[in-house]
1. Please indicate, with yes or no, whether at least one residue in the stretch 38-45 is over 21 Å from Met153 (Cβ atoms) and either at pLDDT 95 or above or within 18 Å of the chain's Cα centre (by Cα) (or both).
2. Just to be sure, is Val63 of a type in the set (Val, Ile, Thr), at pLDDT 95 or above, at negative phi and touching a strand residue (DSSP E or B) at 6+ places or on another chain (Cβ under 8 Å)?
3. What number goes with the only condition from (1) among the basic types (Lys, Arg); (2) in contact (Cβ under 8 Å) with a residue 12 or more places away in the chain; (3) assigned to a loop (DSSP other than H, G, I, E, B) that Lys64 does not pass?
4. For Pro292, indicate whether it is surrounded by fewer than 13 Cβ atoms within 10 Å (Cβ to Cβ), touching a residue at least 24 places away in the same chain (Cβ under 8 Å) and either in contact with a Gly (Cβ under 6 Å, 6 or more places away or on another chain) or not aromatic (Phe, Trp, Tyr) (or both).
5. Can you find a residue in the stretch 130-139 that is closer than 16 Å to Lys182 by Cβ and among the aliphatic types (A, V, I, L, M)?
6. Taking the conditions exactly as written (modelled with pLDDT under 95 and outside any strand (DSSP E or B)), does Ala53 satisfy them or not?
7. Can you list the helices (runs of 4 or more DSSP H) found entirely within the stretch 68-177 that contain at least 1 residues being within 24 Å of Glu36 (Cα to Cα) and at pLDDT below 95?
8. Looking for something acidic (Asp, Glu), over 18 Å from the mean Cα position of the chain (by Cα) and assigned by TED's automatic domain parsing to the domain that holds Gly159 - is there at least one such residue anywhere in the stretch 77-89?
Amino acid sequence: MLAVFTLSLLSCYKDGAATGKKKKQHQTEEKMVAKEIRYVSVVGLGLMGTPIASLLMKAGYPVKGFDIVKKQVSNLVPLGLTPAKSAKDAARGADLVILSMPNWDALLQAVEGKNGVLEGSHKGQIVIDTSTSPPWESVAMAKKLASKGIEWMDVPISGSSAQARVGNMVFMVGGKRSVFEKVKPVLDRIGKKTVYVGKHGDGATMKLVINHTLYLNQAAAIEGLVLGLKAGLDPQILFDVITSGAASSDLLLSRGKDMIAGNFTPKGPARLAIKDLRLSLETAKQLGVMLP
């Protein structure tokens, strides 16, 4: 009887010790990202990175920035940007590193290349990717950085560069919920909405869904407007009716008049749109979805 009691007591002690160990480990992990985000770095000061850095500075954050095009950096120095000599230099000491890259190859170079982000990172640092990236690559990067104690989040943006300049951006976040809660207050200061989509890669997937839908909407809008104009419909009446009925969309409201006038001034590089569509088609292929 005494032996049974002793074994039970030992079992309870072991269970309690194990639970305590897990709790302590969990608290340690939480503590690594519990610190308030105060210092932010932006790597990639292009069409989206520049407005992101500008809005962060307007919101009161000390911002360090880097871009391989030195003029992109110097343009922001008068606004308060601290210039970084490299991605490594930008990452050093930052609580949050924001990446804004044209493609995944450029991102890999900025993160893993010589003088890259990883060379200047520290445990507990949060790195977010606002680019349009392959979801599967983002998942792999999250695992790789987690082994180094660094938190990775895919945080692509819905919105053009013009919308970004006025803070009209929607951030779609994939990754740990606990880390999302840390970056949300920062993103809320520079965008209009921050949405937790789900696990690592889900934010990147959501961006592909949005871009695919947007480009198809644009093609349909142009075809419909051309049909109406070729049929001799009054351009103003055509615009008023199509934007008042079931076929209306934000795209038509913002670009419809330019389309009717034949003004197709690019809003961004066509190569990026092609890259985005290739990613959505590759994702669809992996999922067994027939597109387009």
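The values are calculated or read from the model by the stated rules, or taken from the named source; none is laboratory data. Remember, it's a predicted structure, so these values are computed and weren't measured experimentally. Every residue, glycine as well, gets a Cβ built from its backbone with ideal geometry; the counts of neighbours run over all protein chains shown.
1. So the first thing to find is which residues in the stretch 38-45 are over 21 Å from Met153 (Cβ atoms), and the list is none.
No: the stretch 38-45 contains no residue that is over 21 Å from Met153 (Cβ atoms) and either at pLDDT 95 or above or within 18 Å of the chain's Cα centre (by Cα) (or both).
2. Details: of a type in the set (Val, Ile, Thr): yes; at pLDDT 95 or above: yes; at negative phi: yes; touching a strand residue (DSSP E or B) at 6+ places or on another chain (Cβ under 8 Å): yes.
It is true that Val63 is of a type in the set (Val, Ile, Thr), at pLDDT 95 or above, at negative phi and touching a strand residue (DSSP E or B) at 6+ places or on another chain (Cβ under 8 Å).
3. Tallying (1) among the basic types (Lys, Arg); (2) in contact (Cβ under 8 Å) with a residue 12 or more places away in the chain; (3) assigned to a loop (DSSP other than H, G, I, E, B), Lys64 fails exactly one: (3).
4. On the way: surrounded by fewer than 13 Cβ atoms within 10 Å (Cβ to Cβ): yes; touching a residue at least 24 places away in the same chain (Cβ under 8 Å): yes; either in contact with a Gly (Cβ under 6 Å, 6 or more places away or on another chain) or not aromatic (Phe, Trp, Tyr) (or both): yes.
Here the answer is yes, as Pro292 does meet what is asked.
5. no
6. Details: modelled with pLDDT under 95: no; outside any strand (DSSP E or B): yes.
No: the conditions fail for Ala53.
7. On the way: elements: 70-74, 87-91, 104-112, 117-120, 135-146, 161-165.
It comes to none.
8. First, the residues of the stretch 77-89 that are acidic (Asp, Glu): 89.
Those still in the list that are over 18 Å from the mean Cα position of the chain (by Cα) too: 89.
Among the residues that remain, those that are also assigned by TED's automatic domain parsing to the domain that holds Gly159 are: 89.
Yes, the stretch 77-89 contains at least one residue that is acidic (Asp, Glu), over 18 Å from the mean Cα position of the chain (by Cα) and assigned by TED's automatic domain parsing to the domain that holds Gly159.
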